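Read-outs: derived from the displayed coordinates by stated rules, not from any lab. Only a predicted model underlies this, so the values are computations on that prediction, with no experimental measurement involved. Cβ: placed from backbone, ideal geometry, glycine included. Neighbour counts: every protein chain shown.
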2 protein chains.
Amino acid sequence: MTSVCSTAPSSGRWCRAQSSTKDRTRPADCTMVNQGPRADPVWGSDSSAGSASGGDSSKESSRCSTPVLDADRSDRLREKMRRRTESGDHWFSLEFFPPRTASGAVNLISRFDRMGAGGPLFIDITWHPSGDPGSDKETSSMMIASTAVNYCGLESVLHLTCCNQSIDTINTHLRKAQRLGLKNIMALRGDPVGTDWEEEEEGFNFAVDLVKHIRSEFGDYFDICVAGYPTGHPEADSYHSDLQHLQEKVSAGADFIITQLFFRAETFLTFVKDCRALGISCPILPGIFPIQGYQSLRQLVKLSKLEVPEEITKVIEPIKDNDAAIRNYGIHQAVQMCRVLLDSGAVPGLHFYTLNREVATMEVLRGLGLWQEDPRRPLPWAVSAHPKRRVEDVRPIFWASRPKSYIYRTQDWDEFPNGRWGNSSSPAFGELNDYYLFYLKSKSSKAALLQMWGAELHSEKSVFEVFTSYIAALPNHTGHRVLCLPWNDEPLAPETNLLKDQLQRVNQRGVLTINSQPNINGKSSTDPIVGWGPPGGYVFQKAYLEFFTSSENVTALLKVLKKYEPRVNYHIVNVHGRNLTNAPDMQPNAVTWGIFPGREIVQPTVVDPVSFMFWKDEAFALWIEQWAKLYEDESPSRMIVQYIHDNYFLVNLVDNDFPLESCLWQVLEDMFELLQSELRPRLLPLQAVELLPPHSGSSPCRLLNSSPLHSGSSPCRLLNSSPLTAAPPPAGC
Amino acid sequence: MTSVCSTAPSSGRWCRAQSSTKDRTRPADCTMVNQGPRADPVWGSDSSAGSASGGDSSKESSRCSTPVLDADRSDRLREKMRRRTESGDHWFSLEFFPPRTASGAVNLISRFDRMGAGGPLFIDITWHPSGDPGSDKETSSMMIASTAVNYCGLESVLHLTCCNQSIDTINTHLRKAQRLGLKNIMALRGDPVGTDWEEEEEGFNFAVDLVKHIRSEFGDYFDICVAGYPTGHPEADSYHSDLQHLQEKVSAGADFIITQLFFRAETFLTFVKDCRALGISCPILPGIFPIQGYQSLRQLVKLSKLEVPEEITKVIEPIKDNDAAIRNYGIHQAVQMCRVLLDSGAVPGLHFYTLNREVATMEVLRGLGLWQEDPRRPLPWAVSAHPKRRVEDVRPIFWASRPKSYIYRTQDWDEFPNGRWGNSSSPAFGELNDYYLFYLKSKSSKAALLQMWGAELHSEKSVFEVFTSYIAALPNHTGHRVLCLPWNDEPLAPETNLLKDQLQRVNQRGVLTINSQPNINGKSSTDPIVGWGPPGGYVFQKAYLEFFTSSENVTALLKVLKKYEPRVNYHIVNVHGRNLTNAPDMQPNAVTWGIFPGREIVQPTVVDPVSFMFWKDEAFALWIEQWAKLYEDESPSRMIVQYIHDNYFLVNLVDNDFPLESCLWQVLEDMFELLQSELRPRLLPLQAVELLPPHSGSSPCRLLNSSPLHSGSSPCRLLNSSPLTAAPPPAGC
């Protein structure tokens, strides 16, 4: 007998539950479970009039507690499910299987981000004993689930099979899951290895054994899900005996049930009625499988021994060669069935077997009105779902485009927030050298990056052009659109688009922006672009701009900034850590905050001088790791990037006068003007450093033009011998 | 020989330093010292460009740290002095002596508040061994200095004399001072008792012994001040030997010197030059004594053995019967002399012997431009100077008019803030029954209170009229202005005056307001009325209103408030603690906050549901303790107040939509309208409860009119049997 489980249909990797009918036959609970993580924000239930005083304020410690913006965030999955169910609010969850390759993992994680935006209550990740699912490999079930929780902020359920596993192995997996912040387990038997499987006296023979073990070893730590079979497990003696096994699993401590797929709503509804009759009272989530193709359906039928009802085959057979038609039908059929399920009142939420694909499931959810097109953001940045990070309510603005890197580098923190309310003297950021995990790498290939950033750079100006093309979202001179930069793996955020014209102008002139936000003076918290937090609130921002620029520019900028005291705060640092700032007492500057009904002020984004020094290391390193290394050693292109890395400064500016129009563009205009006026007497234009291709014997880098910008004994040294320029000349000089 | 010390000229209580010239004669350092506590806010020195990263962030713990709005606040006195001196900023300090009576203490503390507003760097309190100066009496030096520090927020120096004191006594005093938050000691010898004083071998014979003892027993905890004599101490062998004694005191660990008074600038400047020549490098503050009257000057001369220069006597003798003329001359003379001192460059600050009077010193300071007419507020409320409260940056709004009560009730807290960022589950507020300290009592006499609040009350309406007169600042029907209420010992704040008309209207109708603030949407932090915090910032407020009102009104109000969800948050409680609220998760609601350059958001005032329950006890108790008890037991007046105490609700309302005009007045209008419309069908006007004067035999309280508001078996019970009304009838029924 065969059941569809953790299917990978595109690869034909169906797991088979080999039969082995024993006295007490148990189905191989090899179901796919699918729980979406990002509940839509339930803003700390407003206690209705008449509530008594007291509340259940955290007893944790005297540490700063997050204003409870999102009570949901601290709830465990079963609580969220209960709350959503009680409110009559329908929800959905999504099942994925682990990818086979590293690039598959990168793609899947992008998919998590995209599908997470639709607001699943949870996702789940299947478990394949043959695929080393508990390892540290980037493709393992364990690591994928951990990534979903920690980096994508998705409530996640990790499958775990117990068949043929030792207690030690099981415990190792569970402890690792706990350590990684996973809180939910789908307890399954799994497929016995070989055809002659026999029950082991002391071992795990059935899912119920695993449920019992988790409860006895880990108490109430995990929420446990088990599999249910609306038509009975193919291996079960009977539909009724299968129901009894299910009842045992629930009695052993399971919190909810996800079912195998089915084709008719009545099948599921009858199953639920039978479960209830047996006393099973926990949530039962229907497993929904939108038909996505003729071949995949045939394969499913063959493997799962499920019968496709005639009303479906009758439609499909005539259009079997028309993939689009079948997919459309699949969506239509799933929507119809889901409507019946939801209308029955017996179904609080729907579980989707996505087969790691996006379109069909999203279409069904859209058809049902369950997909959140415009999900409310609890905070301006995506919150992590790790239990340790529940109270996290502030982050430095620097990692705004690299949130996963921030999460990775702060994963060892004992408490959040750090670097702000708390002791900010020693936030221990993870070392740079171990964070180049696969999911922090660019999604683009080296070839694509070279097309975007230039197969050959001729001068700093070539770099300016890359930045400008990225901002403008226009093709570069070779006709390729620049879709990412080392500091931004995605196109510009809608919010940043508001600043596009100004950004373009300054990038052309060598102010290489990598992060910015406009000022906002009390927009509604439900504003589609800049809103976040509970409704009825007001959000604010101070204008922020962060960029790399040359030491000449910085020298002029510092002169200009004197005129903008105390309106503009700045931090200016080079790769060696030389730090210039006018921040009072090295305090953080809150640059995003919100005012909400009945709550304290929330200030989720700060310009924090301490963490800026950690960001600086990362931001400079990205020049080399992601860009310079695309080119050969000692190539001019590489040396140009290396030169920028060695000599440019990283600058951030905050305009504190948020009610007024941002003055930061004027600051830069003033800087350009000052530079021009200083150059004018010499009647020479401002020009960027250009490097010749290396040739043996002589110095590999020489200035193409000996403009007043450059001179000195080494041809590569900057003319400007201001104290700011302490960097060595580019390698090779 | 006699020296002027800790003088109480109005009472003629000059302390005399009896001579006892021994081998090593030391002056009785019975100087008056005067250090003003409230430095004007130095907003965390802006680190200039070029400061290295790191800062010196607090290592304290992971508790929430105050955004450093006012670095000055955490500095010790000698640091403040150094910083002000280095900045070339002139400052002043004020000396007071302890009062003789409790009412004198109340007056002196009011004077602290008024003179504190002028911005003294510190104040000092003299020490009179005969007056039990270290006791817990409200008039003791110890308690006055403690009050100045803890309740008035003044940096204070406590004098301490050591002559004829045992080590144990001295240690007891010093430990007590430390416990009370005092950090500065003026170490003096004091007057030996009796004429035949002899040095004790093991005892404290001179101030230098006390300085040494403090340093050896308390290390660097205290800042120590000693006395200097510009013309030599009257008991000293010579001017030069006196200078050597001073040098010894400084060497022993004194931080600065305050001098005896003098009449010519040259006297002081020569003295300073001589001190510097001897190697005394610490600050030397000139003691300034503005001549305030002919008799007091004569007495001073007689006791201090100081010689009044001829140029002064020449002016004064002819006008000796014209007090005003002498005072004017005294001010003029002091201003002239101070100008010379300040212009010399040798004088960073001036120390004033106030003789516990305000006018002369204030006039001199105004003449010199040192009096801060419009001192900047670091926070919207006056900060306490107790070292434990350095990080305090938030308070519940409820105690806005009773800050001393709040400080008293939270004096045992281990850390600040409490009840907000931290664990808010158990803020331990001091018990109500022990906080009726003399300085929490009304400044007005019982007779004055009866004139203001009514010698006889006839109904609740009489109470409404008292509130209305207070708000309107108009005479009541007996022609007396109501200058205070039990909840407000001062006339309305300028800010509240903005709401005067609306407040008056609702008080007339039985909405008895005790606290309110208007909404503010981003006014400058330097706004003279509502500004606070560093310059360049923006301050905000949510509209707030707190009042007592009847249960009928509350019933209507609750209906009305449904229309204002979630815009308006409310807490409604009666004396029994029945609490109605729509606060989400019992979280605090920030109602005052500020956004400043380069800093985190500061939110110094919150509506905190937890502390509201503690405030409720205090607010209700004030009806009885301060008002009802003015009347005889069982008198109708007392019973009316008691009835209100037993049956009214305390309500607070917050309008969360701070950018819009406050809706709270409309909420109340809607409530009144609803009450009217509910009454209209019965054709009866809304009328307040009225009580007849008691007469023997029958029930002492009976309703004057049996309007539909009242009925039931007891004549005193409210008709309205809503679940809100659970209070017993007034005593006597």
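Between B:GLN295 and B:ARG100, the simple spin-label model (points 7 angstrom out along Cα→Cβ) gives 1.3 nm.
Descending by average beta-carbon neighbour count within 10 Å, the peptides A:258-266, A:163-171 line up as A:258-266, A:163-171, the highest first. Net charge near A:ASP657, counting Lys/Arg +1 and Asp/Glu -1 over other residues with Cβ under 11 Å of its Cβ? Taking every Cβ under 11 Å from that of A:ASP657, the sum is 0.
Relative to the other identical copies, B:GLU634 shows label-point distances of 11.2 nm, where the label point lies 7 Å from Cα along the Cβ direction and values run shortest first.
Sorting A:SER384, A:SER281, B:SER444, B:SER296 on the 10 Å Cβ count, fewest up front, what's the list? The partial results should precede the final answer.
Values: A:SER384 25, A:SER281 9, B:SER444 15, B:SER296 18.
In increasing order of surrounding Cβ atoms, one gets A:SER281, B:SER444, B:SER296, A:SER384.
For A:LEU674, the distances from its label point to the matching points in the remaining copies are 6.1 nm, ordered from shortest, with each point set 7 Å beyond Cα toward Cβ. Peptide A:587-596 shows a mean partner chain C-beta count of 5 within 10 Å per residue C-beta.
Quote the FRET efficiency, to the nearest 0.05, computed for A:GLN666 versus A:ALA455 with a Förster distance R0 of 35 Å and r equal to the Cβ-Cβ distance. Please list the in-between numbers first.
Numbers: r = 37 Å, r/R0 = 1.07.
With a Förster radius of 35 Å, E is 0.40.
Segment B:91-144 and segment B:594-666 have Cα centres lying 31 Å from one another. With the label put 7 angstrom out from Cα along the Cα-to-Cβ vector, A:GLY479 ends up 10.1 nm from the copy partners, going from closest to farthest.
Residues A:ASP321, B:ASP242, arranged from fewest to most other Cβ atoms within 10 angstrom of their Cβ, appear as A:ASP321, B:ASP242. Note on B:564-571: average number of Cβ atoms from other chains within 10 Å of each residue's Cβ is 3.
Full extension of the chain between A:LYS523 and A:ARG339 gives 62.5 nm of extra length, using 0.36 nm per residue less the Cα-Cα distance. When A:HIS213, A:HIS240 are sorted by how many other C-beta atoms sit within 10 angstrom of their C-beta, beginning with the fewest, the order is A:HIS240, A:HIS213.
For B:SER525, neighbours were defined as the other residues whose beta-carbon sits under 10 Å from its Cβ, and their charges (Lys and Arg +1, Asp and Glu -1) total +2. For segment B:106-225, the square roots a ≥ b ≥ c of the C-alpha gyration tensor eigenvalues yield an a/c of 1.5 or more together with a/b exceeding b/c, which makes the shape prolate. Quick one: go through segment A:253-281 and flag any residue whose amide nitrogen is under 13 Å from the point 7 Å out along the Cα-to-Cβ line of A:GLU311. What the label zone holds, given the 13 Å backbone N cut-off, is A:263-268. Once R0 is set to 41 Å, what does the formula 1/(1 + (r/R0)^6) return for the Cβ-Cβ distance between A:ASP132 and A:ASP617, expressed as a FRET efficiency to the nearest 0.05? Computed FRET efficiency for A:ASP132 and A:ASP617: 0.75.
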